[in-house]
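The structure appears below as structure tokens.
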């Protein structure tokens with residue numbers, strides 16, 4: 001009776017994984033373990049975002065099942081990918097923090113398990129150029145996000161200071177000086193060409209957002225960029241526009 005129930009549960013999990021993996025593959029030409037975990041409902045959509053912001057130590061801590069079931073699901077997923085003839089490519093995942101630390105997937109941090117999580121499975125029907133673009137996109141470091149707070153009375157959890165901009169960390173809001181971004185200059189939205197050029201010239205940048213109560217979402221206000229990058233970009237545009 002117990003074996004029959006276990007077999008039924010395994011079959012049900014196989015079907016769920018297959019459905020989630022097929023959907024991701026059809027939508028983007030590739031599929032990762034995180035895509036599958038989201039698709040079968042073991043990860044809530046906000047968990048990867050919190051993980052990338054450094055608010056979760058490892059992604060497995062947010063997976064809503066026990067470790068043995070996670071192992072079973074990942075084994076079934078790799079079996080499905082191999083059966084489809086997909087090829088694996090390893091991607092890099094870094095945090096959306098100024099430190100850009102490598103993100104950890106598993107509780108154990110075992111290198112073999114981490115590599116399995118980082119593997120993205122790609123359709124063999126895609127061209128080599130398309131595969132390279134997918135790998136580059138998956139490994140691209142996420143943009144840093146800085147917030148213009150609605151509450152002017154906030155306090156930095158590190159130094160107790162305040163300011164017009166903050167970055168959220170796991171313990172709470174942090175001022176730009178404490179996170180090492182206070183040397184950047186604010187470039188408001190409005191001039192798309194200047195924004196693109198300044199961003200391209202700046203080795204560091206961060207997106208500035210502010211919460212809109214009327215729309216119920218964060219909206220982009222501009223960028224923080226290196227002052228010299230902004231100066232150079234502005235100089236180039238001024239010269240071009242005066243010709």
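Any read-out appearing in this document is the output of simple, stated calculations on the displayed coordinates, not a laboratory observation. Computed from a predicted model, the values in this text were never measured in an experiment. Using ideal geometry, Cβ is built from the backbone for each residue, glycine included, and neighbour counts are taken over all protein chains shown.
Between helix 227-242 and the chain there is an angle of about 70 degrees, using the helix long axis and the longest principal axis of the Cα atoms.
Listed by Cβ neighbour count within 10 Å, with the fewest neighbours leading, 191, 183 appear as 183, 191.
State the antiparallel share, in %, of DSSP beta bridges confined to region 144-242, rounding to the nearest 5. Intermediate results must be reported in sequence, preceding the final value.
Working: 17 of 22 bridges.
Just about 75 percent of them are antiparallel.
Relative to the dominant Cα principal axis of the chain, helix 2-28 is inclined by about 40°. The helix-based estimate of mean residue ellipticity at 222 nm for the chain, built from -39,500 (n - 2.57) per DSSP H run of four or more residues and divided by its residue count, is -13500 deg cm²/dmol to the nearest 500.
Summarising the label geometry, the points placed 7 Å from Cα in the beta-carbon direction at residue 68 and residue 219 lie 5.2 nm from one another. Quick check: the angle from helix 192-201's long axis to the longest principal axis of the chain, C-alpha only, nearest 10 degrees? Its long axis makes an angle of about 80 degrees.
Here the Gaussian network model covers the chain, with springs between Cα atoms less than 10 Å apart; of 126, 76, 187, 126 fluctuates the most. The calculated FRET efficiency for residue 79 paired with residue 170, based on their beta-carbon distance and R0 = 30 Å, is about 0.25.
Percent relative contact order of the chain, based on C-alpha pairs within less than 8 angstrom and at least six residues apart?
Numbers: 339 pairs, mean separation 35.8, N = 243.
In percent, rounded to a whole number, it is 15.
Among 186, 77, 211, 105, the ranking by other beta carbons within 10 Å of each residue's beta carbon, starting with the fewest, stands as 211, 186, 105, 77.
Its relative contact order, with pairs defined as Cα atoms under 8 Å and 6+ residues apart, puts region 167-243 at 31 percent. Read through the labelled values (1) 1.01; (2) 1.23; (3) 1.63 and report the label of the one computed as Cα Rg over 2.2 N^0.38 Å from the structure. Only one option fits the structure, namely (2).
Applying 1/(1 + (r/R0)^6) with R0 = 35 Å to the Cβ-Cβ distance of residue 19 and residue 185, what FRET efficiency is obtained, to the nearest 0.05? Provide the component values of the computation, followed by the final result.
On the way: r = 48 Å, r/R0 = 1.38.
After rounding, the FRET efficiency stands at 0.15.
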